[in-house]
1. Give the residues of segment 53-78 that are touching a residue at least 60 places away in the same chain (Cβ under 8 Å) and within 14 Å of T8 (Cα to Cα), sorted by residue number.
2. Keeping to segment 49-61, report how many residues are among the charged types (D, E, K, R) and assigned to a loop (DSSP other than H, G, I, E, B).
3. As an exercise: evaluate I81 against (1) closer than 23 Å to S15 by Cβ; (2) not assigned by TED's automatic domain parsing to the domain that holds Q34 and give the number of the one condition it does not meet.
4. Out of M59, M123, M33, M116, which single residue is of a type in the set (A, V, I, L, M) and closer than 22 Å to H238 by Cα?
5. Is it true that G144 is farther than 30 Å from V101 by Cα, free of Cβ contacts under 8 Å to residues at least 40 places away in the same chain, small (G, A, S) and not assigned by TED's automatic domain parsing to the domain that holds I103?
6. Please enumerate the residues belonging to segment 53-108 that are among the charged types (D, E, K, R) and either more than 19 Å from the chain's Cα centre (by Cα) or surrounded by fewer than 18 Cβ atoms within 10 Å (Cβ to Cβ) (or both).
7. Please find, within segment 1-35, the residue that is surrounded by the most Cβ atoms within 10 Å (Cβ to Cβ) out of those that are acidic (D, E) and in a loop (DSSP other than H, G, I, E, B).
Amino acid sequence: MKFFIVDTFSKVRLSGTPASVFFVDDFADEDLMQRIAAEVKVPETVFVRKQSDGSFEAMAFTPEAKGLFFGNGLFAAAKAINYELGATHFHIILGTDAFAVDIWDSGEIQIQFSAMEFEKVPMPLNLDAALAGELVVSLAECKGELITEIRSPTRLSNLQPDLGMLAAMEYSSVVLTADTHFETDLDYDFCLKLFAPKLGIFHGIATPISCAKLALYWSECVDKKDLVASGCSGETLHAKIEADAICISGDATITATGEMVGN
């Protein structure tokens with residue numbers, strides 16, 4: 001299996017949020033794929049095979065679970081497919097979902113996600129303690145993810161929550177966000193930082209699925225349909241809200257490639 005390590009949402013190697021891509025002939029051994037994801041230990045590992053119609057079938061894993069939780073693997077796969085095959089417009093099929101991929105002349109990747117809904121929720125037990133008393137402005141839930149808006153974007157970059165307390169909550173992941181127009185002169189609409197200890201992610205990352213959720217969340221606040229988000233490891237993500245979809249775009253950089261050695 002040929003593989004790629006890709007830094008998503010960054011033009012600089014060894015920054016951004018990493019993901020890995022493996023090209024395979026079939027998906028016969030899910031246990032092997034899960035063990036590979038656990039060994040690689042990046043937030044998301046995607047296994048890809050080309051279809052006869054020009055699309056690409058994929059399966060995604062975190063170090064701890066099967067499933068597309070973050071979406072960074074889709075961007076990594078798009079980068080690897082473009083690098084290997086030169087394709088610029090195609091679909092990645094994952095389960096019953098088809099993700100439209102466009103790679104622009106600049107090299108920037110855009111992937112279309114379905115529109116999502118969020119709802120306001122009360123403060124979960126121990127969240128205040130998990131965030132060391134950080135001021136929480138608002139809370140919402142979207143597809144198993146807790147959206148937590150805090151007041152200070154400058155404090156967000158250094159905030160390290162109690163991961164044991166986060167793992168004890170009912171949510172698969174917790175994304176922290178703040179308004180970058182407060183306290184900073186950064187040219188972003190919001191910042192984000194996701195933790196998912198239940199899925200084997202113990203440090204803050206920036207993910208396109210979280211960005212799609214947050215774009216809807218922040219759109220109401222800033223009255224915009226085109227938003228720019230900042231991660232805490234140098235990531236830049238663009239979100240465009242359309243009638244029934246959210247387009248997330250950004251750069252991706254291949255850091256390493258190689259082949260997995262068989263027994």
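The values are calculated or read from the model by the stated rules, or taken from the named source; none is laboratory data. Note that the structure is predicted; figures quoted are calculated from it, not measured. As a convention, Cβ positions derive from the backbone with ideal geometry for all residues, glycine included, and neighbour counts pool all protein chains shown.
1. Residues of segment 53-78 that are touching a residue at least 60 places away in the same chain (Cβ under 8 Å), as a first pass: 62-65, 68-72, 74-76, 78.
Listed by number, the residues that qualify are F70, G71, N72, L74, F75, A76, A78.
2. Going through segment 49-61, the residues among the charged types (D, E, K, R) turn out to be 49-50, 53, 57.
If we keep only those that are assigned to a loop (DSSP other than H, G, I, E, B) too, we end up with 53.
Total meeting the criteria: 1.
3. I81 satisfies every listed condition except (2).
4. Values: M59 fails: closer than 22 Å to H238 by Cα; M123 fails: closer than 22 Å to H238 by Cα; M33 fails: closer than 22 Å to H238 by Cα.
So the residue among M59, M123, M33, M116 that is of a type in the set (A, V, I, L, M) and closer than 22 Å to H238 by Cα is M116.
5. Details: farther than 30 Å from V101 by Cα: no; free of Cβ contacts under 8 Å to residues at least 40 places away in the same chain: yes; small (G, A, S): yes; not assigned by TED's automatic domain parsing to the domain that holds I103: yes.
No; evaluated as a whole, the condition is false for this residue.
6. Let us first name the residues in segment 53-108 that are among the charged types (D, E, K, R), namely 53, 57, 64, 66, 79, 84, 97, 102, 105, 108.
Residues satisfying the conditions are D53, E57, E64, K66, E84, D97, D102, D105, E108.
7. Taking segment 1-35 and keeping what is acidic (D, E), we get 7, 25-26, 29-31.
If we keep only those that are in a loop (DSSP other than H, G, I, E, B) too, we end up with 25-26, 29.
On the way: D25: 8, D26: 8, D29: 11.
Checked segment 1-35; the qualifying residue surrounded by the most Cβ atoms within 10 Å (Cβ to Cβ) is D29.
Residue-wise test of (1) out of contact with any Phe, Trp or Tyr (no Cβ under 6 Å at 6 or more places or on another chain); (2) outside any helix (DSSP H, G or I); (3) modelled with pLDDT under 95.
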{"site": "A37", "(1), (2), (3)": "no, no, no"}
{"site": "F47", "(1), (2), (3)": "no, yes, no"}
{"site": "P63", "(1), (2), (3)": "yes, yes, no"}
{"site": "I92", "(1), (2), (3)": "no, yes, no"}
{"site": "E134", "(1), (2), (3)": "yes, yes, yes"}
